[in-house]
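Accompanying notes for the structure given below.
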Amino acid sequence: MSFTRRYQNIEDFAAAARRRLPRIFADYIEGGAFSETTMRRNRSGFDGWALRQRVLRPLGAPDLSTEVLGRRQALPFGPGPVGFLGLYRRDGDVLIAQEAAARGVPMVLSTFSINGLQTIARRSGQVPQFQLYLDIDADWTDSYVAAAEAAGSDTIFVTVDTAITSNRERDGRTGFRSVTRIDPRLFCQFAAKPVWALDLLRNGFPQVELVAGRPEYGNGALAQAVALSQRLDKNLTWEKIRRLRQRWKGRLIVKGISDVEDAEIARAEEVDGIVLSNHGGRQLDHGLSTVELIPEIRAALGPDKALYVDSGFRRGSDVVKALALGADFVLMGRPFAWAVAAEGRRGVAAAFDMLAGEIGTTLQLMGMNSVAELKAEGADALRRIG
């Protein structure tokens, strides 16, 4: 079967990635917290909104560009932070960054990335934006910020919804973030996926570049994943965000807000925006979907700060609904992780094409020519159902 026939949607990439990856990594990408109710609601939440179809209106080539924080982006969506992309395919984080640069959108790079900011900037020609976890040691956090400064990154997304790590039962079964070395059980998993193993392990097991050479974090990405998780600051407060604001001179986005009262606080703080996020359903179980929350979070945040959103986005129509409800930009994590795991950069390019094509087709079937027109129409472009 040809490449274009094999991959018709993002779920096709997910299925191919699951076939190619050892279970420990496939389940890490796929899984959510406890019963995974929030993760399922992230998808079902989109069903609460229907799109209006308008006809007999002049149409041209759809313009998918949009403005975020005063900057024109070629697309209204882009790769969000996903940890350990370089474990799913060799240099997976680089491959996504290269394609994002070619598409004219930024990539947000995880603290838990295999390749570091400078490596990715050098190999992609574009400095990623940086997703930051606060370390229990403020000096270590400052060193991460210094790395972002040295690379020339202009935006930090500080993640605030993972101070308490939830129980992801799939990871409990596979041992991710508890296994620190390749034991016999893991060796069997790796041996059962020879294509993945030959690709990834030919130069030794990867390390997280940001902390490589620091003995506190151990050797190899498995040990470093455990150490990094254990070093997350469990006492996050707005005062620590203010300290980071004083330390960091670039744009500062708070990632992980999903409540109106927290959005109201963010409105009064000296941050540039927020990411409405429930961490893809990987933290609080039995929460609401992010798309359901966009209107009230937008109202609480006000018009002057950027509203990014993530969690559960799989289709171009999902992006259209989010933009109509008041989001400025959509971040996608799992879709690009699956695409790069399945097919490398070719898969990432196809995912971009797929999603952009779906957005363009959806807009035109709604009688619109651009994302700007959609945003001007706002929630009037939708109908609440259910």
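The values are calculated or read from the model by the stated rules, or taken from the named source; none is laboratory data. On a predicted model such as this, the values are computed, not experimentally measured, just so you know. With ideal geometry, Cβ positions are generated from the backbone for all residues, glycine too; neighbour counts draw on all protein chains shown. All accessible areas refer to the heavy atoms of the entire protein, side chains included, with ligands and DNA or RNA removed. Shrake-Rupley method; radii C 1.70, N 1.55, O 1.52, S 1.80 Å.
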(request) Collect residues whose amide H, placed 1.01 Å from N in the peptide plane, falls under 5 Å from the amide H of Trp49; neighbours closer than 5 in sequence don't count. (result) Ile385
(request) Count neighbours as other Cβ atoms within 10 Å of each site's Cβ, and list the trypsin sites (Lys or Arg not before Pro) in region 227-327 that are DSSP loop with at most 13 such neighbours. (result) Lys234, Lys249
(request) Pull up all non-local amide H partners of Glu67: gap of 5 or more, or a different chain, and H-to-H distance under 5 Å with H placed in the peptide plane. (result) Gln73
(message) If I take all pairs of Cα atoms in the chain, what percentage of them are more than 39 Å from each other?
(response) 12
(message) How large is the Kirkwood hydrodynamic radius of region 228-386, counting all unique pairs of alpha carbons, in Å?
(response) 17.2
(request) Hey, for a label at Ala163 modelled as a point 7 Å past Cα toward Cβ, could you say which residues of region 246-271 have their backbone N under 20 Å away? (result) 246-248, 252-271
(request) Take every DSSP beta bridge with both residues inside the chain and express the antiparallel ones as a percent of the total, to the nearest 5. (result) 25
(message) Assuming 0.36 nm per residue, please report the length gained on full extension of the stretch Asp380 to Glu239 beyond their Cα-Cα distance.
(response) 46.9 nm
(message) Over the chain, with a Gaussian network built from C-alpha contacts below 10 Å, which listed residue (Ala197, Ala327, Ala339) shows the highest mean-square fluctuation?
(response) Ala197
(request) Pop out the carbon and sulfur fraction of the accessible area of region 84-202 as a percent, whole number, probe 1.4 Å. (result) 53
(request) Could you pull the Rg and Dmax for region 72-140, using just the Cα atoms, both in Å? (result) 12.2, 38
(message) Residues of region 21-37 with the amide nitrogen closer than 12 Å to a label point 7 Å from the Cα of Ala197, along Cα-to-Cβ, please.
(response) 22
(request) Report, by chain and number, residues whose modeled amide H sits under 5 Å from the one on Ser370, excluding near sequence neighbours (fewer than 5 apart, same chain). (result) Asp63
(request) Just the ratio, please: alpha-carbon radius of gyration of region 1-117 over 2.2 N^0.38 Å, N its number of residues. (result) 1.32
(request) For the chain, build the charge dipole from Cβ charges (+1 Lys, Arg; -1 Asp, Glu) around the Cα centre, then report which of Gly32, Trp196, Leu87 sits farthest towards its positive end. (result) Trp196
(request) Return the sequence-ordered ³J(HN,Hα) values of region 5-20 in whole Hz as given by the Karplus equation 6.51 cos²θ - 1.76 cosθ + 1.60 applied to θ = phi - 60°, using x for Gly and Pro. (result) 6, 5, 10, 9, 7, 5, 4, 5, 5, 4, 5, 5, 5, 4, 5, 8
(request) With everything on Cα atoms, drop me the angle between helix 138-151 and the longest principal axis of the chain, reported from 0 to 90° to the nearest 10. (result) 70
